[in-house]
Amino acid sequence: MAGRSLRAARQRFGPVLSLGARRPGRLPLRGSSFVFSTAAQQRSTGDECGPEDPHDEPKHPLSERALEHKAIKLEEQVRDLTERYRKALADSENVRRRTQKFVEDAKLFGIQSFCRDLVEIADILEKTAESAAGEAEPSNPNPTLKKIYEGLSLIEAKLQSVFAKHGLQKMNPVGGKYDPYDHEIVCHVPAEGMQPGTIALVTQDGYKLHGRTIRHALVGVAVESQE
């Protein structure tokens, strides 16, 4: 490219250069070198300012692809964070429900140990009332025993009423099916007029607190008699 610029400058300004060179004793014209350099600069500048290289076009498609890739990544992050938020929300709701259930159970069954102690007192009261009833038979006209029996019966009825008010109920399993969650077998009795496997008698009453067994009933189960 520089060679072509030099040849063009010689062809254009050749006469001027030769005129300066033919005059002996004189230096070449100072303007000739300036003209030559100016022409070369113009040609070189014109060559540099030629048509643009098609490969130097702006890389807009690459930028768009990068933006699309970044948008896809952001969408994936949003979906992941949304899923994590939903799981965390569900976990917190489960924890809240379990905590609420624990608090409710604590309110209902917080007196469970106290109720176990009370039912033992109810057993003693019941046995005492039964003993007083045996003594206060019509054949024994003792007004004192009769009043004691009536008083014990009233106390027992009131105690059972208080038990029911607080969700404590006595089981009545006689004639029903044996349930290992509610009953404990202490003996077997012949099935006389009863189906085998049913409860024939109760030696100790069982109690439930709000449907939960706090003391198993001691029962005798009917079995087929072997002759």
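The values are calculated or read from the model by the stated rules, or taken from the named source; none is laboratory data. Since the structure is predicted, the reported quantities are computational estimates derived from the model, not experimental observations. Counting neighbours? That spans all protein chains shown, and the Cβs are built from the backbone with ideal geometry, glycine included. Side chains are part of the model used for accessible areas, which takes the heavy atoms of the whole protein and leaves out ligands, DNA and RNA. Shrake-Rupley method; radii C 1.70, N 1.55, O 1.52, S 1.80 Å.
With respect to (1) at pLDDT below 85; (2) closer than 19 Å to Ile214 by Cα; (3) among the basic types (Lys, Arg), the lone exception for Lys170 is condition (1).
Scanning region 90-110 for residues that are closer than 28 Å to His166 by Cα and either polar (S, T, N, Q) or open to solvent by 100 Å² or more (accessible area, probe 1.4 Å) (or both) returns Arg96, Arg97, Arg98, Thr99, Gln100, Lys101, Phe102, Lys107.
Could you tell me which of the residues Ala222, Ala191 is in contact with a Pro (Cβ under 9 Å, 6 or more places away or on another chain) and in contact (Cβ under 8 Å) with a residue 12 or more places away in the chain? Reasoning before the result, please.
Values: Ala191 fails: in contact with a Pro (Cβ under 9 Å, 6 or more places away or on another chain).
Among Ala222, Ala191, only Ala222 is in contact with a Pro (Cβ under 9 Å, 6 or more places away or on another chain) and in contact (Cβ under 8 Å) with a residue 12 or more places away in the chain.
Quick check on my filter: what residues within region 213-227 are surrounded by 12 or more Cβ atoms within 10 Å (Cβ to Cβ) and touching an Asp or Glu at 6+ places or on another chain (Cβ under 9 Å)? Step through it out loud before you land on a result.
If we filter region 213-227 for residues that are surrounded by 12 or more Cβ atoms within 10 Å (Cβ to Cβ), which is where we start, we get 213-223.
Correct list: Thr213, Arg215, His216, Ala217, Leu218, Val219, Ala222.
Residue under question is Glu130, and the condition is that it be at pLDDT below 90, open to solvent by 100 Å² or more (accessible area, probe 1.4 Å) and part of a helix (DSSP H, G or I); does it hold?
yes
Taking region 203-220 on its own, how many of its residues are within 11 Å of Gly176 (Cβ to Cβ) and in contact with a Gly (Cβ under 8 Å, 6 or more places away or on another chain)? Residues flagged as within 11 Å of Gly176 (Cβ to Cβ) and in contact with a Gly (Cβ under 8 Å, 6 or more places away or on another chain) within region 203-220 amount to 1.
Given the criteria more than 20 Å from Ala217 (Cβ to Cβ) and out of contact with any Cys (no Cβ under 6 Å at 6 or more places or on another chain), does Gly151 qualify? Answer is yes for this residue.
How many residues does region 103-117 contain that are of a type in the set (A, V, I, L, M) and touching a Lys or Arg at 6+ places or on another chain (Cβ under 9 Å)?
Within region 103-117, residues that are of a type in the set (A, V, I, L, M) and touching a Lys or Arg at 6+ places or on another chain (Cβ under 9 Å) number 1.
Residue under question is Ser92, and the condition is that it be among the hydroxyl-bearing types (Ser, Thr, Tyr), within 51 Å of the chain's Cα centre (by Cα) and modelled with pLDDT under 90; does it hold? The answer is no for Ser92.
The residue that is most open to solvent (accessible area, probe 1.4 Å), counting only those in region 181-209 that are assigned to a loop (DSSP other than H, G, I, E, B) and at pLDDT 90 or above, is Tyr181.
Restricting attention to region 47-89, the residues that are open to solvent by 100 Å² or more (accessible area, probe 1.4 Å) and modelled with pLDDT of 60 or more add up to 15.
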